[in-house]
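Scroll down for the structure; my scribbles are underneath it.
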Amino acid sequence: MANSFIRLGIMGGTFDPIHFGHLVTAEAVRAQFNLDRVIFVPSGNPPHKVKRNITDKHIRYLMTILATVTNPYFEVSAIEIEREGYTYTIDTLKEFKKIYGENTQIFFITGADAILEILTWKNAEELLQMCNFVAATRPGYAGDSISEKIDYIKKVYNKDIFQVTVPSLAISSTDIRNRVYEGRPIKYLLPESVERYIEKAGLYKRR
């Protein structure tokens, strides 16, 4: 398995639920950076979301599989789902380095809001040197603050953060959960397979 994929995209997130914004972002980054594959990594027990009731990790994992199964360049990893305790990005990337080899070039795809908080992540400096970060933003989103943070990271840590603007990132998991709770439609915001699963499982109807 080692060195099978030289340029590997990793897209982490709670995916509660996964939607077209996530999928379009992953495909845009894959094409722009010529990635061999993008691996979606549903978070297990993210320390930064302890204040919100998150859908069971196995359900989120299943929805991510349903959403990505038709793209041959996408796959889903249960690496964080299977890990006990809080799940940290640094530990996940170390595992992927073991699996695919130290020469694998990793592109970690995340939202712009995460970049604003990246220096608070576990072992942030080591993390920045371990992979390339790609910040996905929607048009007009906090442009100045993102640019300032990226410039600061470049100056202090000598590390570039790549930016990709994705219009469909205006879709949000929070909005989808609220729509289901309020009885409003979610069609065309996420894959039909995920929409049907949410309806059949009765997800997001309670808070």
Original post:
Is it fair to say residue 139 is over 26 Å from residue 7 (Cβ atoms), assigned to a loop (DSSP other than H, G, I, E, B) and either out of contact with any Ser or Thr (no Cβ under 7 Å at 6 or more places or on another chain) or hydroxyl-bearing (Ser, Thr, Tyr) (or both)?
Top reply: no
Subject >> Residues that are assigned to a helix (DSSP H, G or I), in contact (Cβ under 8 Å) with a residue 24 or more places away in the chain and under 24 Å from residue 71 (Cβ atoms), drawn from segment 178-202 >> reply: 193, 194, 197, 198, 201
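Does segment 133-152 contain at least one residue that is crowded, with 19+ Cβ neighbours inside 10 Å, of a type in the set (Ser, Thr, Tyr), under 21 Å from residue 24 (Cβ atoms) and under 16 Å from the mean Cα position of the chain (by Cα)? Walk me through it before giving the result.
Initially, segment 133-152 is screened for residues crowded, with 19+ Cβ neighbours inside 10 Å, giving 133-137, 149-150.
Checking which are of a type in the set (Ser, Thr, Tyr) leaves us with 137.
Now narrow it down to the ones that are under 21 Å from residue 24 (Cβ atoms): 137.
Then keep just the ones that are under 16 Å from the mean Cα position of the chain (by Cα); that gives 137.
Taking every residue of segment 133-152 in turn, at least one turns out to be crowded, with 19+ Cβ neighbours inside 10 Å, of a type in the set (Ser, Thr, Tyr), under 21 Å from residue 24 (Cβ atoms) and under 16 Å from the mean Cα position of the chain (by Cα).
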Subject >> Tally of residues being in contact with a Phe, Trp or Tyr (Cβ under 7 Å, 6 or more places away or on another chain) and not in a loop (DSSP other than H, G, I, E, B) across segment 119-134 >> reply: 6
**OP:** Taking only segment 166-177 into account, find how many residues are crowded, with 16+ Cβ neighbours inside 10 Å and either β-branched (Val, Ile, Thr) or part of a loop (DSSP other than H, G, I, E, B) (or both).
**Re:** 3
Original post:
Just checking, which of 68, 89 is hydroxyl-bearing (Ser, Thr, Tyr), modelled with pLDDT of 95 or more and either within 14 Å of residue 131 (Cα to Cα) or surrounded by 15 or more Cβ atoms within 10 Å (Cβ to Cβ) (or both)?
Top reply: 68
**OP:** Could you run through segment 70-88 and say how many residues are within 17 Å of the chain's Cα centre (by Cα), in a loop (DSSP other than H, G, I, E, B) and touching a residue at least 40 places away in the same chain (Cβ under 8 Å)?
**Re:** 6
**OP:** Among the numbered conditions (1) touching a residue at least 24 places away in the same chain (Cβ under 8 Å); (2) closer than 26 Å to residue 36 by Cα; (3) in a helix (DSSP H, G or I); (4) of a type outside the set (Gly, Ala, Ser), tell me where residue 153 comes up short.
**Re:** (2)
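The values are calculated or read from the model by the stated rules, or taken from the named source; none is laboratory data. Quick caveat, the model's predicted, so the values are computed rather than measured. So basically every Cβ, Gly included, is an ideal-geometry build from the backbone, and we count neighbours across all protein chains shown.
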